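Quick notes on the structure that follows.
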Amino acid sequence: MSVEEPFPREINYLRVSITDRCNLRCFYCTAWGTWEKLPAPEILRYEELLRIAAVAPKVGIRKIRVTGGEPLVRRGVVDFIQALHEVPGLEEVCLTTNGVKLQELAQALYDTGLRHLNLSLDTLERDRYLKITGSDNFLEVMAGLEKAAALGFNPLKINCVVLNGINDDELLNFALLTRDYPYQVRFIEFMPTVDPERWAHHFLPMAEVRRRLKVLGPLEPLEPEGTAGPARIFRLPGFRGDLGFISSVSDHHCPTCNRLRLTAAGRLRPCLFAGQELDLKVPMRQGATDELLASLFQDAIRLKTCESGYRSLDSPLPGRAMVSIGG
């Protein structure tokens with residue numbers, strides 16, 4: 001596919017980072033002291049985020065996922081999610097969180113109408129959680145997961161980044177969660193968003209993950225929803241939940257990717273691994289019309305080609321820590 005050829009799939013999903021702050025320091029995302037937080041005035045205000053959210057459906061966006069950093073550390077996030085549910089044309093509002101503040105905020109989030117919740121969790125062991133995240137918040141996260149399940153969040157997804165030599169001995173334990181609970185456990189390949197040596201040492205391809213899970217039985221593929229992300233979804237016979245596999249590196253999903261990313265600084269990114277970004281913040285603060293903002297969205301969609309994204313194990317790092325781009 002040439003760079004001039006239009007993207008072959010409807011772009012209907014926008015990931016919106018509302019902050020670059022986080023209360024964890026996961027070593028595959030960012031480490032303590034290795035990135036500079038944005039000055040507060042550089043982060044989009046909620047009213048600016050809501051204006052962009054109102055423009056997005058005019059160019060085909062039907063789903064918005066709120067991310068960070070860690071979105072629940074930003075004051076006013078519950079009211080913001082409530083307001084997103086009132087944006088005309090949006091069909092889905094979703095949230096990805098590390099779960100540290102989930103037990104505290106789960107009821108309020110549920111009361112906004114939010115149902116689609118992703119929880120990032122890379123281990124089921126407290127000591128290992130401290131090693132991966134730099135914080136001893138495992139018990140709080142598990143309490144938040146239990147609270148969300150009890151309230152009825154659905155789908156309730158657990159995102160597990162597979163790290164060779166760190167948590168790959170827990171693959172079966174994660175998969176077995178879906179036997180007893182209606183979770184969707186999603187295994188995610190470690191992407192080269194950190195230094196190359198660390199990534200190469202801990203990378204494990206999804207083909208190997210699936211090979212190790214064969215002992216549980218045959219994986220039955222499920223049809224994705226129209227606004228679904230990159231996970232390939234399967235179910236094991238007799239299990240209540242599902243398993244997802246995201247092979248962003250070994251078997252990239254560029255031809256089927258339907259997403260754009262908006263950073264907390266107001267830059268629209270066609271692809272995680274593409275260098276192009278379009279600034280929405282400066283034009284908006286200079287008085288841009290909704291029509292101009294919509295045209296910038298259309299420009300981003302035109303830039304989204306299979307040539308613009310991640311294509312090989314030799315592709316460059318995305319240029320900034322994941323916490324700065326939006327997870």
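None of the figures in this text is laboratory data; all of them are computed from the coordinates on show. The model shown is predicted, which means the values in this text are computed figures rather than measured ones. When we count neighbours, we look across all protein chains shown, and the Cβ atoms used for this are built from the backbone with ideal geometry, even at glycine.
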Report task. Give the residues of the range 70-89 whose amide nitrogen is closer than 20 Å to a point set 7 Å from the Cα of Asp111 in the direction of its Cβ. Result -> 72-87
Report summary line: By the Cα gyration tensor axes a ≥ b ≥ c (a/c under 1.5 gives rounded; else a/b larger than b/c gives prolate, otherwise oblate), the shape of the range 65-220 is prolate
Report summary line: Restricted to pairs 8 or more residues apart or on different chains, the lysines in the chain with C-alpha atoms under 29 Å apart form a number of pairs equal to 25
Query raised in the report: Measuring from the lowest to the highest alpha carbon on each principal axis, how far does the range 190-281 reach, largest first, in angstroms?
Result: 49, 36, 22
Query raised in the report: Mind ordering 88-98, 57-67, 144-154 by average Cβ neighbours within 10 Å, highest first?
Result: 57-67, 88-98, 144-154
Query raised in the report: Tally Lys/Arg at +1 and Asp/Glu at -1 over every other residue whose Cβ is under 11 Å from the Cβ of Glu48; what's the total?
Result: +3
Query - Sorted peptide list for 239-246, 285-292, criterion being average Cβ within 10 angstrom, highest first - result: 239-246, 285-292
**Report entry** CD proxy at 222 nm, helix term only [per DSSP H run n ≥ 4: -39500 (n - 2.57); per residue of the chain; nearest 500]
**Finding:** -8500 deg cm²/dmol
Query raised in the report: Each label point is 7 Å from the Cα along the Cα-to-Cβ direction; what then is the distance between the points at Arg302 and Glu220, in nm?
Result: 4.6 nm
Report task. Rounded, prolate or oblate: pick one for the chain, where a ≥ b ≥ c are the square roots of the eigenvalues of its C-alpha gyration tensor, a/c under 1.5 means rounded, and failing that, prolate if a/b is larger than b/c, else oblate. Result -> rounded
